[in-house]
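In what follows, a structure is listed as structure tokens, so that the remarks can point back to it.
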Amino acid sequence: MTASSTAAFATARAEGRAALVGYLPAGFPDVPGSIEAMKTMVDAGCDVIEIGLPYSDPVMDGPTIQAAAQQALEGGVRTQDVLRAVEAVAATGTPTLIMTYWNPVERYGVERFARDLANAGGAGLITPDLTPDSGGAWIAAADAHDLDKVFLVAPSSTDARLEMTTRACRGFVYATAVMGVTGARASTSDLAGPLVARTKATVAGWGGDLPVGVGLGVSNGDQAAEVAGYADAVIVGSAFVRPLLDAGSDRAAGLAALRALTEDLARGVRAG
Amino acid sequence: MSTGTPGGFWGPDETGHFVSGDVQWGGRFMPEALIAELDELTAVWTDAMADPEFLDEFARLLREYAGVPSLLYEATRLSEHAGARILLKREDLNHTGAHKIRNVLGQALLAKRMGKTRLIAETGAGQHGVATATAAAYLGLECAVYMGKVDTERQALNVARMNLLGAEVIAVDSGSMTLKDAINEAIRDWVASVEHTAYCFGTAAGPHPFPAMVRDFCRGIGDEARVQVLEQFGALPDIVTACVGGGSNAIGMFTAFLDDADVRIVGFEAGGDGVETPRHAATIHAGEVGVLHGARTYVLQDEDGQTIESHSISAGLDYPGVGPQHSQLAHLGRADYQPVTDAEAMDALALLARTEGIICAIESAHAVAGSLRLAAENPGATILINLSGRGDKDMGTAIEWFGLASSDVDPGETPGGAR
Ligand SMILES: Cc1ncc(COP(=O)(O)O)c(C=O)c1O
């Protein structure tokens, strides 16, 4: 049985709604705490989980995710811990991907990473600083282990790159809706709609069927509803990190806020 | 072997890789959001390098504004002390005080060609930041410089210079608060501002085309020195040396000599407290193959691929990565790379000051120190050192290191008497 995220998107589509994809870095606030938080997100309505593998030099992340990743690294989180977190979250039956920068994967060993991710029940990998034209080794390993390959497209992507990238994806394609780093934003980007439309037209053009998820900036149910109006999935990261950062050592309060936020976002993707 | 132009023997190839054996150094490990811009930059740069008008303008600016070609100077008293003939390529005499102005003028002209209105840069020692602020002032562009908080403190003079030149200096307090984190923050700015902003990258590292582009803007150092040394001394040097942070001054010097098989090429990395301690920045010596800031190269990293913080007394060498072509040259064995400790560098700085009346940058002092070691191993050899910058910015560090604040200290033995 494949752990691919495809099934979750098909379910959402059948229900006439967008999917909710939630991100948290593993090891934040600590490894068990992050697993508990992600299980809470699953329980409260996330359809797909992205587990961040913290990296020391996260050039695509804003201050919120940087702070969480730094705390996780200071807490000593290891790649092996992230794989254990994948195993725990994937055991809920919810498709679980890792999202990370390239160097930790290369360092672990590309083939070994793919194998261990698949063995943990992981669905695949999202690669913010690896594009398909630089990703031959990963593509081969992911294909060999039946894993999703989620690459990013951006408002600046040319039509040729949209086609090259979407053809290389499996699971979904991640549309970064703003030109900028991760972080909650007060209003959604007006670049998102046109990017999703271009991406969908590209996929239709080569005869594919690939869900388009939109990420970067969504922080509440209303924004989620707006994005769900044109995208197949709403991807939320910094907004999930925020309540845990704010709650500090009061874990129960953090989880309660996380649950409330997830429920709000889950309502949003159903209202879009 | 052909010269180091794209497509030539040394590379990079079309995809931005410097190849050695089965390793493809360099490349482009970057967010998709920046790929279109990097493609555009590659195209504009390639086009400009074939445009006589651009090349004339670049040459004119270097000559009339930056004071290039820099002098080749025989350091006779230092030579006597060293037991070898020491030649210094005086990049410290360039406008703004280092080799960095060459790269910056090239990139700033490209930015203008691309219609950009704003320059951003990262800086370690502040020399690249000062050079960028200078070019921005000269061309009427907005300028923001990212600098690790630690570096803003140890290079306070350069912060003041950048401010005076009208640039905004942004102190970066994430991670190790040094050069690598300044690069992270500049990339974050660029992802959001790329439409009107050019990222004036300060060293021959990062994603393609930066390693090749920065090299080609800096290669005048070696091209000039090769002609100068032949004219002045009638023969090529036995050994050519430079300090290596990200590697721009070194690759700028080395490129002209890569095809001269008899010329030995040696780069000196920051050994900090010593490579046997965890506090150093000897990336090639002690690092392992990885990806940092968009390029495959040697990286100081742990078992999980997390970057290890580097340490050096010189902010400009305090970087846990290195330009990918240096990794290639090391891997091919064409150049070798050796660590020089803080203490060795500071001794060399004092020695150069006392013997030649030249106060160099602490970065450059690493090249001097390493070259003194080579001189001892190769008596009578001719050693050409790239003296990449001047030491004004480092006086705070020197005061502290040598205890110069009190009046009765001697920063090292004074070798020899009066000239
Ligand atoms: C005088 C001087 N030399 C060397 C360097 C190191 O950089 P690179 O290795 O790119 O030449 C710097 C960097 O700030 C510098 O200011």
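Worth a mention:
- The number of residues in the range B:118-147 that are among the aromatic types (F, W, Y), over 20 Å from the mean Cα position of the chain (by Cα) and either surrounded by 24 or more Cβ atoms within 10 Å (Cβ to Cβ) or closer than 19 Å to B:T203 by Cα (or both) comes to 0.
- Spans of strands (runs of 3 or more DSSP E) in the range B:128-240 with at least 1 residues of a type outside the set (K, R) and within 23 Å of B:H326 (Cα to Cα): B:197-199
- Residue under evaluation B:V227, criteria (1) touching a strand residue (DSSP E or B) at 6+ places or on another chain (Cβ under 8 Å); (2) more than 16 Å from the ligand (Cβ to nearest atom), criterion not met: (1)
- Strands (runs of 3 or more DSSP E) wholly inside the range B:12-119 containing at least 1 residues that are away from the ligand (no atom under 16 Å from the Cβ) and under 29 Å from A:D57 (Cα atoms): B:17-20, B:23-26
- Among residues of the range A:24-36 being buried (at least 24 other Cβ atoms within 10 Å of the Cβ) and over 13 Å from the mean Cα position of the chain (by Cα), the one that is nearest to A:V105 (Cα to Cα) is A:G27.
- The residues on offer are A:G52, A:G62, and the sole one that is under 30 Å from B:Y146 (Cβ atoms), open to solvent by less than 10 Å² (accessible area, probe 1.4 Å) and modelled with pLDDT under 95 is A:G62.
- Verdict on B:T178 being touching a Phe, Trp or Tyr at 6+ places or on another chain (Cβ under 9 Å) and within 14 Å of chain A (Cβ to nearest Cβ): yes
- Among the residues of this structure, B:G97 counts as one that is under 15 Å from the mean Cα position of the chain (by Cα) and modelled with pLDDT of 95 or more.
- From the options B:G115, B:G166, B:G175, residue that is more than 17 Å from B:G389 (Cβ to Cβ), at pLDDT 95 or above, in contact with a strand residue (DSSP E or B) (Cβ under 9 Å, 6 or more places away or on another chain) and open to solvent by 10 Å² or more (accessible area, probe 1.4 Å): B:G166
- The single condition among (1) over 16 Å from the mean Cα position of the chain (by Cα); (2) part of a loop (DSSP other than H, G, I, E, B) that A:M60 does not meet is (1).
- Flag if B:L71 is away from every other protein chain (no Cβ under 14 Å) and either within 21 Å of B:T132 (Cβ to Cβ) or touching a Lys or Arg at 6+ places or on another chain (Cβ under 8 Å) (or both): yes
- Scanning the range A:65-94 for residues that are outside any helix (DSSP H, G or I), within 11 Å of another protein chain (Cβ to nearest Cβ), within 21 Å of B:D181 (Cα to Cα) and open to solvent by 30 Å² or more (accessible area, probe 1.4 Å) gives a single hit, A:G76.
- A:A184 being more than 11 Å from chain B (Cβ to nearest Cβ) and touching a strand residue (DSSP E or B) at 6+ places or on another chain (Cβ under 6 Å): no
The values are calculated or read from the model by the stated rules, or taken from the named source; none is laboratory data. It should be emphasised that the depicted structure is a prediction, and the values quoted were computed from it without experimental measurement. Heads up, the Cβs are rebuilt from the backbone with ideal geometry, glycines too, and the neighbour counts pull from every protein chain shown. For the accessible areas, the whole protein counts, side chains as well, though only heavy atoms, and no ligand, DNA or RNA atoms are used. Shrake-Rupley method; radii C 1.70, N 1.55, O 1.52, S 1.80 Å.
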